[in-house]
Amino acid sequence: MFSKFERLTAWRYLRAKRKEGFISVITGFAFTGIALGVATLIIVMSVMNGFKAELLNRILGINGHISIVSSPEFPFNNYKKAIRDLQSIDGIDLALPMIEKQLLVSSGRGAEGAMVRGIDKEDILKKKVMRDGFARVDLDAYEDDVVVVGEKLAHKLGIYVDDEITLISPNGKVTAFGSVPRIKSYRVIGTFNLGMYEYDANFIFMPLESAQKYFGLKDAVSVIDVTLKNENQLAQMRALIEKSVTLDAYVYDWKQTNSAFFNAIDVERNVMFLILMLIILVAAFNIITGLIMLVKDKSRDVAVLRTMGATRGMVMRIFFMDGAFIGFVGTSIGVLLGLLFCDNIENIRQFLQKLSGRDLFSPEIYFLSQLPAKVDVTEVVLVVVLTLLLSFLATLYPAYRASKFDPAEALRYE
């Protein structure tokens, strides 16, 4: 497609002489702009993908795909049979009974609002995220009047293992003088770290039987958590479960519960993609500027080439190769930088935090304790294709302008 003469001439034009240093500087800006634009786009998109994927894995690792919640007046008394019926359905992996209530927790050093989840030890071990989060807890002691507190919540309360905390529930016993809050002390046998700030800073786990006694539910539960084998069957399974539950129960799926949050992530991701594509567009204009300056500087050379027999097509291809080379090399460097950054993003974050002395990824704001990155090959290919397309399009006008030079006019004014 390109002759040896065209390739050698194009390469020669990219290697500026000393007196043509300004041309090489503009070319360098074009290289840098393309590389930084591509790298930034890959990094940002990968972080957004990783954030969404990690958050989703944490949510589904702690909760199921579908939650069946009872009304306060009518808890699930016959939940064991319901569990057996649910697990017999093809497509359902787990059905876990639990109690989940909000209350006030206090220690000698402070008080905080918290969510108490009553769940059996065996059910905790059925989920990997839960097993990993409870790795430092002695689950053999997880029975009777004990609790496991989120690591961040324990820090806020100033409590340690074997300390006691007091749980205060407003929904207590009804007496002749009104409702009396439920108040009971429990021993802390450990702290968990699920890697998600919302849970580590607000949740307390206790044995299911203890939760039943504390909340006065006898042999009942308030929630049945359902995990599916295939997430793609969510709508089908939810419809099937809704048909089987009573009017006193409510069925929620994880998309419904977290819809606003994940929709916001998708919107931010799409907006960031458009904004960062503008950086690449600006870099493409740098290519146009650099090539126009190159064409202007090489007008005499072009005139000589034309008088020696070079066709307009040859001249156009020479300058097209220059611009395409800038776009290709800049894109390649950008992809390499972006992938290397994503592969070491947590180490880079820790280094920048130590350097600046500031927390660059606060778990209180971003819910996760580590900065995730997930490279999507399809998105990387899309970024590369769009960048190369813009780069190639940017070369067309300068190359066309070079091919239109009149040799006689160019030599006359030299």
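What follows is calculated from the coordinates using simple rules that are stated; it is not laboratory data. As the structure is a computational prediction, the values presented were derived from the model and not from experiment. Every residue, glycine as well, gets a Cβ built from its backbone with ideal geometry; the counts of neighbours run over all protein chains shown.
Cβ under 12 Å from residue 203's Cβ, residue 203 left aside: what net charge do those residues give with Lys, Arg +1 and Asp, Glu -1? Net local charge, residue 203 excluded: -2.
Here the extension length gained between residue 128 and residue 400 equals 91.8 nm, from 0.36 nm per residue of separation less the Cα-Cα distance.
Fewest Cβ neighbours within 10 Å first, please rank 331, 311, 166 accordingly.
Values: 331 26, 311 11, 166 14.
The most exposed by this proxy come first: 311, 166, 331.
Could you list, in their original order, any pairs among 80/121; 126/213; 127/229; 80/218; 121/229 whose Cα atoms are separated by more than 19 Å?
Those over the limit are 126/213; 121/229.
In this Cβ point-charge picture (+1 for Lys and Arg, -1 for Asp and Glu), region 99-219 has a dipole of about 360 debye about its Cα centre. Judged by the gyration tensor of its Cα atoms, with axes a ≥ b ≥ c, region 28-73 is prolate; a/c meets the 1.5 cut and a/b is the larger of a/b and b/c.
Where both residues lie in region 75-245, what percent of DSSP beta bridges are antiparallel, nearest 5? Could the numbers behind the result be given before it?
On the way: 30 of 39 bridges.
In region 75-245, DSSP labels about 75 percent of beta bridges as antiparallel.
With each label modelled as a point 7 angstrom along the Cα→C-beta vector, the residue 347-residue 281 pair spans 3.7 nm. The simple Förster model, with R0 at 25 Å and r as the Cβ-Cβ distance, assigns residue 292 and residue 382 a FRET efficiency of 0.30. Taking 7 Å steps out from each Cα toward its Cβ at residue 263 and residue 300 produces label points 6.6 nm apart.
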